[in-house]
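What follows is calculated from the coordinates using simple rules that are stated; it is not laboratory data. Given the structure is predicted, the values throughout are model-derived calculations rather than measurements. All Cβ positions, glycine included, derive from the backbone under ideal geometry; neighbour counts span all protein chains shown.
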Amino acid sequence: MDTGISGVDGSRQWRVLASWALAIALVAGCTAPMTRPQQVGSGEPEIGRRLISDYGCVSCHVVPGVDSTPSYVGPPLDHWGQRSYIAGSLTNNEENLVRWIANPQEVESGTAMPDLGVTQQDAVNISAYLLSLE
């Protein structure tokens, strides 16, 4: 079958076109708009801001609104309320963020984030502060 392209038969051209179509579809899926994370309704952001300092989170993270010497062991936590994911895989919402703060090793075994003994209620308050950071 003559495809009009020198040296390319119809079945090969079809496979090439199908491969390109698949690649374009996959790339288009990667650029789909992300939804903003759900905001926390049950925590107290001001208490959470204080707890971030009390638990020593600023030993590894730069956290806006929390005075400390800048540390870049972990990622900076600015604009947390605009992020889509926690630890690269969890949807950024109150439930997952509380789980991550209270038990990071349970969520992702071997992560550099240590278990700090954060209580459930303290994790709720810390997540309220982080999710308020626009």
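I'd like the distance separating the alpha-carbon centroids of the range 65-134 and the range 42-63, in whole Å. After rounding, the separation between the Cα centres reads 9 Å. Projecting the Cα atoms of Asn103, Leu77, Val118 onto the charge dipole of the range 45-132 (Cβ charges, centred on the Cα centre) puts Leu77 farthest toward the positive pole.
Cβ-Cβ distance of Ser71 and Glu46, R₀ of 22 Å, FRET efficiency by 1/(1 + (r/R0)^6): the value works out to about 0.45.
Subtracting the Cα-Cα distance of Ser109 and Thr91 from 0.36 nm times their residue separation leaves 4.7 nm of extension gain. Computed across the range 45-132, the Kirkwood hydrodynamic radius from all distinct Cα-Cα pairs reaches 12.8 Å.
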